[in-house]
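Accompanying notes for the structure given below.
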Amino acid sequence: MSLKKPYDVAVVFGRFNLLHKGHLALFESMFEKAGLVVIGLSSNDENLPAKFRMKAIAKACEAAGIHYKVVIASQPFELFELVSNMEAGSVLTMFGEDQYKLGKAAQRVYGWDTDVIPRLTSSTAIRGLIDNEEWDVLARLVPSSIINDVINLRKLETNG
């Protein structure tokens, strides 16, 4: 018998260009609180192609046993509107502490609860580790199931 989770859906929005353990910790925390994790993926032209980012998200979430759905959106409120139309029931927005204001905005507009987790690392830090070939540190900050994908995404960033 499974226990009911406090929320039906947990929602996050971001670029997720170079997925790392901080992102995965966020998704895991969301899944502890909700039956479905909706990951909004920014479609901004400055991001890497969505298909590559979605592949890394899928591999990491599946390895962690997270029930998830990726939704591509041009900006966070496009995602929030889609979720609000899903008849999702109880919704939680959850972000790393660097996006706390976005969570509060969703709370004001939709009345959803919001939560944050501490930031563990950043994509900028991951870029530096790859560029400087600091593989030992990189291996501590990127899930093993996607480390090669993340390195290849960085190559795609630098080679255009």
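Just one of TYR68, TYR7 is open to solvent by 20 Å² or more (accessible area, probe 1.4 Å), under 21 Å from GLU97 (Cβ atoms) and hydroxyl-bearing (Ser, Thr, Tyr); which is it?
None of the others qualify; the one that does is TYR7.
Identify, by number, the condition in (1) out of contact with any strand residue (DSSP E or B) (no Cβ under 6 Å at 6 or more places or on another chain); (2) open to solvent by less than 70 Å² (accessible area, probe 1.4 Å) that GLU81 doesn't meet.
(2)
Which condition breaks for LYS51 when tested against (1) open to solvent by 70 Å² or more (accessible area, probe 1.4 Å); (2) basic (Lys, Arg); (3) more than 30 Å from THR158 (Cβ to Cβ)?
Evaluating LYS51 over (1) open to solvent by 70 Å² or more (accessible area, probe 1.4 Å); (2) basic (Lys, Arg); (3) more than 30 Å from THR158 (Cβ to Cβ) leaves (3) as the failure.
Kindly evaluate GLU87 against the criterion of being in a loop (DSSP other than H, G, I, E, B) and either modelled with pLDDT under 95 or under 24 Å from ALA139 (Cα atoms) (or both). Before you say what the answer is, go through the steps one by one.
Working: in a loop (DSSP other than H, G, I, E, B): yes; either modelled with pLDDT under 95 or under 24 Å from ALA139 (Cα atoms) (or both): yes.
It is true that GLU87 is in a loop (DSSP other than H, G, I, E, B) and either modelled with pLDDT under 95 or under 24 Å from ALA139 (Cα atoms) (or both).
Name the single residue that is surrounded by the fewest Cβ atoms within 10 Å (Cβ to Cβ) among those in region 110-134 being modelled with pLDDT of 95 or more, part of a helix (DSSP H, G or I) and more than 18 Å from the chain's Cα centre (by Cα).
Among them, the one singled out is ASP131.
For region 97-107, state whether one or more residues are touching a residue at least 60 places away in the same chain (Cβ under 8 Å), surrounded by fewer than 16 Cβ atoms within 10 Å (Cβ to Cβ) and not acidic (Asp, Glu). Spell out how you get there, then give the answer.
Initial filter on region 97-107 (touching a residue at least 60 places away in the same chain (Cβ under 8 Å)): 99, 102, 106.
If we keep only those that are surrounded by fewer than 16 Cβ atoms within 10 Å (Cβ to Cβ) as well, we get none.
No: zero hits.
Of a type in the set (A, V, I, L, M), modelled with pLDDT of 95 or more, within 14 Å of the chain's Cα centre (by Cα) and closer than 20 Å to GLY22 by Cβ: which single residue out of VAL137, VAL71, VAL142 fits that description?
Within the list VAL137, VAL71, VAL142, the selection yields VAL142.
Only one residue in GLU28, GLU78, GLU62 is farther than 28 Å from ARG108 by Cα, assigned to a helix (DSSP H, G or I) and of a type in the set (D, E, K, R), so which one is that? Don't jump to the end; show me each part of the working.
Values: GLU28 fails: farther than 28 Å from ARG108 by Cα; GLU78 fails: farther than 28 Å from ARG108 by Cα.
That would be GLU62, the only listed residue that is farther than 28 Å from ARG108 by Cα, assigned to a helix (DSSP H, G or I) and of a type in the set (D, E, K, R).
The values are calculated or read from the model by the stated rules, or taken from the named source; none is laboratory data. Keep in mind the model is a prediction, meaning the values are calculated, not measured. In this analysis, Cβ positions are derived from the backbone assuming ideal geometry, glycine residues included, and neighbour counts consider all displayed protein chains. For the accessible areas, the whole protein counts, side chains as well, though only heavy atoms, and no ligand, DNA or RNA atoms are used. Shrake-Rupley method; radii C 1.70, N 1.55, O 1.52, S 1.80 Å.
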